[in-house]
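J.: Take this structure, written in structure tokens, and hold onto it; I'll ask about it next.
The values are calculated or read from the model by the stated rules, or taken from the named source; none is laboratory data. Remember, predicted model here, so these are calculated numbers, not experimental data. For neighbour counting, all protein chains shown are included, and Cβ atoms are generated from backbone atoms with ideal geometry for every residue, glycine included. Please note that ligands, DNA and RNA were not included when accessible areas were found on the heavy atoms of the full protein model with its side chains. Shrake-Rupley method; radii C 1.70, N 1.55, O 1.52, S 1.80 Å.
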Amino acid sequence: MFDLPQLERAQEVVAAAMPPTPAHAWPLLSERLGATAIVKHENHTPIGAFKVRGGLVYVDSLKRERPHVAGLISATRGNHGQSLAFASRRYGIPVTIYVPHGNSTEKNRAMRAFGANLVEHGEDFQSAREEAERRARLDGLEMVPSFHPDLVMGVATYALELFREVGDLDILYVPIGQGSGICGCILARDLLGLRTEIVGVQSTEAPSYALSFAAGTVVKTNSSNTLADGMATRVPDADALAIIRKGASRIVQVTDDDVAAAIRAYWTDTHNLAEGAGAAALAAALQERAKIRGRRVGLILSGGNIDFDLFQRWVGTDAASGRGERAVA
């Protein structure tokens, strides 16, 4: 999909807009897992999530190739849309973002604040995406998919940062939404010649990639009713699946309760706030504690954009009463 010099040039594009995100070894998390836990903090980007990297590289490439593009349009549950809005404002391109009804209020506000024209349509991400594709054809706009080589190359820059800072990871857990993050990690690892095992993480309520990984072909699901909206995917991307099947060892499924426990663990052990998908890697590692004991484990905290109501439900009440700590200890 890209070579190391191309990835390094993408890193320069990203670095012009934001500093590298930290990778911290947290003692309390390590104690909890029985392994050395190193967290890549993609919750510390200008949009609070890793996808800003992909948006910057995609829009930079588009602006160079087609400087007079009329505008961008895409669909999202939040972080992809914030990424495009952030990058489009930086490069002076109008952007329209479609979201499903009932989407995160905070993420909707953030996309508008970054300058996006926000449109609510349909009951889930797939419905919003299909309508955005229709409007792109009608209005002559550039439809930005959720999975594209430039998006993957952009988000792969966080893996490049991580692997060059901490190159001796035994295993790396990565959440899967549309697949750009885990594909970026796989490709960066391979370009650097490392042997780190990469494990994908999906929700039990949105297991399309896990089912597809097992079947060896794209398997669609009829619903994606997880509260971890960054993993709410019904239709996998075939190109992403091919990379994941070749480069990941397995896909672990976690429940919403597992994710909630991991969010509380991040809050108590590191004082970092994770959104649902952002905590999924830790949820999977907790599920596999016996397997990873004594190893060096990387956890991608992919974002921290959690709705306040969900934060109260998953963190506030439980953490205050002490139930959250016992749930994962």
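J.: Taking the stated definitions as given, is Glu165 within 21 Å of the chain's Cα centre (by Cα) and surrounded by fewer than 23 Cβ atoms within 10 Å (Cβ to Cβ)?
T.: Judged against the criteria, Glu165 is a match.
J.: While we're on this one: Failed condition for Leu286, given (1) surrounded by fewer than 24 Cβ atoms within 10 Å (Cβ to Cβ); (2) among the aliphatic types (A, V, I, L, M); (3) in a loop (DSSP other than H, G, I, E, B), with all others met?
T.: Among (1) surrounded by fewer than 24 Cβ atoms within 10 Å (Cβ to Cβ); (2) among the aliphatic types (A, V, I, L, M); (3) in a loop (DSSP other than H, G, I, E, B), the lone unmet condition for Leu286 is (3).
J.: Hey, another quick one. In region 137-162, which residues are more than 14 Å from the chain's Cα centre (by Cα), open to solvent by less than 10 Å² (accessible area, probe 1.4 Å) and under 20 Å from Thr233 (Cβ atoms)?
T.: The one that is more than 14 Å from the chain's Cα centre (by Cα), open to solvent by less than 10 Å² (accessible area, probe 1.4 Å) and under 20 Å from Thr233 (Cβ atoms): Val144.
J.: So is Asp3 acidic (Asp, Glu) and over 25 Å from Ile97 (Cβ atoms) or not? Walk me through how you get there before you give the answer.
T.: Values: acidic (Asp, Glu): yes; over 25 Å from Ile97 (Cβ atoms): yes.
The answer is yes for Asp3.
J.: Would it be correct to say that His44 is open to solvent by 40 Å² or more (accessible area, probe 1.4 Å) and closer than 30 Å to Arg293 by Cβ?
T.: yes
J.: Further, regarding this structure: Could you please find all residues in region 70-101 being free of Cβ contacts under 8 Å to residues at least 24 places away in the same chain and over 14 Å from Val119 (Cβ atoms)?
T.: Selection gives Gly92 alone.
J.: Yes or no: Glu197 out of contact with any helix residue (DSSP H, G or I) (no Cβ under 8 Å at 6 or more places or on another chain) and either crowded, with 16+ Cβ neighbours inside 10 Å or at pLDDT 95 or above (or both)?
T.: yes
J.: In region 86-112, what count of residues is obtained for those that are in a helix (DSSP H, G or I) and open to solvent by less than 60 Å² (accessible area, probe 1.4 Å)?
T.: The qualifying residues number 8.
J.: If you check Lys246 against the conditions, is it within 23 Å of Ala156 (Cβ to Cβ), out of contact with any His (no Cβ under 6 Å at 6 or more places or on another chain) and of a type in the set (Lys, Arg)?
T.: yes
J.: Here's another thing I want to ask about it. Can you pull out every residue in region 258-281 that is of a type in the set (D, E, K, R) and in contact (Cβ under 8 Å) with a residue 40 or more places away in the chain?
T.: If the condition is that a residue be of a type in the set (D, E, K, R) and in contact (Cβ under 8 Å) with a residue 40 or more places away in the chain, then Arg264, Asp269, Glu275 are the ones that fit.
J.: So, one more: Restricting to helices (runs of 4 or more DSSP H) lying wholly in region 141-239: which have 2 or more residues that are of a type in the set (Ser, Thr, Tyr)? Steps first, please.
T.: Values: elements: 149-165, 180-192, 208-215.
Correct list: 149-165, 208-215.
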